[in-house]
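Undergrad: Encoded as structure tokens, here's the structure I'll be asking about.
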DNA sequence: AGGGCGTGACGTACACCGTACGTTCCTCCG
DNA sequence: CGGAGGAACGTACGGTGTACGTCACGCCCT
């Protein structure tokens, strides 16, 4: 019946597929097992527990990031590319994004993006301390942005547009929110993300800790 | 036996206390009920379901932010203050932070910080569109930062220092990570956050969309 | 060739979860 | 005094993660 012999990779793939199809809290050992046409406890032959499975999901998704890093390009273009590449997981695997972001994993899949980013920042003229600083700043921004894009749909929801209902806001208490309710209600995530990335690039370009003129 | 007559506020308070004491996934209706010396189903007389309870927790924590906003101060100082105030919840309620951050709530408690921030940014010389943009940038950064500070401890963990074990990294594959492993292993969250806030303030101070000279 | 053994799939069992439903009791108002 | 409404409660159901014991199969070594 089951053609393939069952493996950690197949289990993780089934989990990813299930999460994207039905949301993160549809994931249960029984559900995944039945998805694979397999007994529940057979999963534990390849995965120590559910947490490790979710780690596997995060790692799998993260490792699919398509980095096309060109060490010859200008550092700002490299930063742009890496930020965009990282963001694309939020489009390919929107419902797995929370997992990738909330579980910090200490595996090579998580280290590779860090390595590329550090190399880029070093080439931009930062020393080690500041490269790490700036990297953490970027990661915080990216993580926060992805959470906004994706957190709108915690598990499932009918788009849920206009979370801020203009009608229910007291203009006396919240004049600004009330006046800007249209802007707050909708969000062009793409443009918002690009705005942030450009502003950050501009900011670190003029940062005094950077030694100008490198690469 | 039970002196107080049980209320939504008491239930939420017990949940917050329990989360801070034993972590987010120690929360169950039965656990909270027994914490209050009360039957499980009695909770449902004051709270429609568990999700609403968690929303209540997030709202409660969020509403405790101590804003001491001074409309007369320089906008950069106001931004600094607000960012710091927001971050303090990560210290007072570290294990609730994930809830505050991952559940977006459409209640006044969530709107008030937004209102203050928008007012500040308007006073800094941004029009509505850019005020919202910049606010979203700040929120993304703050959320990402708090998640790093707190996400290190998903539920419980023995500090878990040195997540990046310098010994296990192949210097061939990850030269930068290997060289900077000490820096990556430890993190002064306070300093890191301040660095980000200052850089962002500096960046928006010189941003062309801002009309110079206001307040 | 045959026996031992590791491995992987499986079923059962347990403690716990959220919550729908029906019951009881206490209080307050007419 | 009697009725009504709300609050606390107990029971029950379907679902969860996983510890444990069992079984069949293929490989290796004698």
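Undergrad: To make sure I understand, if each residue's beta carbon is the centre and we count other beta carbons within 10 Å, what order do B:22, B:149 fall in, fewest to most? Could the numbers behind the result be given before it?
TA: Working: B:22 14, B:149 20.
Ranking B:22, B:149 by Cβ neighbours within 10 Å, fewest first, gives B:22, B:149.
Undergrad: Restricting to DSSP H runs of at least four residues, report the calculated mean residue ellipticity at 222 nm for the protein assembly as shown, -39500 (n - 2.57) per run over all residues, nearest 500 deg cm²/dmol.
TA: Only helices count here, giving -18500 deg cm²/dmol.
Undergrad: Using a label point 7 angstrom from Cα along Cα-to-C-beta, what distances in nm, from shortest up, separate residue B:45 from the other copies?
TA: 5.2
Undergrad: Have a look at B:71, B:48, B:94 and tell me which one the Gaussian network model of chain B (Cα, springs below 10 Å) gives the largest fluctuation.
TA: Highest fluctuation among the options: B:48.
Undergrad: Considering Cα pairs under 8 angstrom that are at least six residues apart, work out the relative contact order of chain B and quote it in whole percent. Spell out each step's value before the answer.
TA: On the way: 187 pairs, mean separation 44.4, N = 215.
21 percent.
Undergrad: What Kirkwood radius, in Å to one decimal, follows from the Cα pairs of the range A:62-205?
TA: 17.0 Å
Undergrad: Separate question: Computed over the Cα atoms of the protein assembly as shown, what is the ratio Rg over Rh, Rh following Kirkwood?
TA: Taking Rh as the inverse mean 1/r over Cα pairs, Rg/Rh reads 0.97.
Undergrad: Mind sorting B:60, A:34 by how few other Cβ atoms lie within 10 Å of their own Cβ, fewest first?
TA: Starting with the residue having the fewest Cβ neighbours, the order is A:34, B:60.
Undergrad: Still on this model: Can you give me the Rg/Rh ratio for the range A:8-47, using Cα atoms for both radii and the Kirkwood formula for Rh?
TA: Rounded to two decimals, Rg/Rh equals 0.93.
Undergrad: In nm, what does the list of distances from residue A:17 to its counterparts in the other copies look like, shortest first, when each label sits 7 Å along Cα to Cβ?
TA: Those label-point separations list as 4.9 nm.
Undergrad: Considering the convex hull of the alpha carbon atoms of the range B:31-89, report its projected area averaged over all viewing directions, in nm², one decimal.
TA: Taking the Cα atoms of the range B:31-89, their convex hull projects to 5.5 nm² on average.
Undergrad: Can you sort A:78, A:148 from fewest to most other Cβ atoms within 10 Å of each residue's own Cβ?
TA: Taking fewest neighbouring Cβ atoms as first place, the list is A:148, A:78.
Undergrad: Placing the label point 7 Å from Cα along the Cα-to-Cβ direction, what are the distances from residue A:72 to the equivalent spots in the other copies, shortest first, in nm to one decimal?
TA: 6.1
Since every read-out is calculated from the coordinates, none of them should be taken as a lab result. Because the structure is a prediction, the values reported are computed rather than measured. Cβ sites come from the backbone with ideal geometry, for glycine too, and all protein chains shown count toward neighbours.
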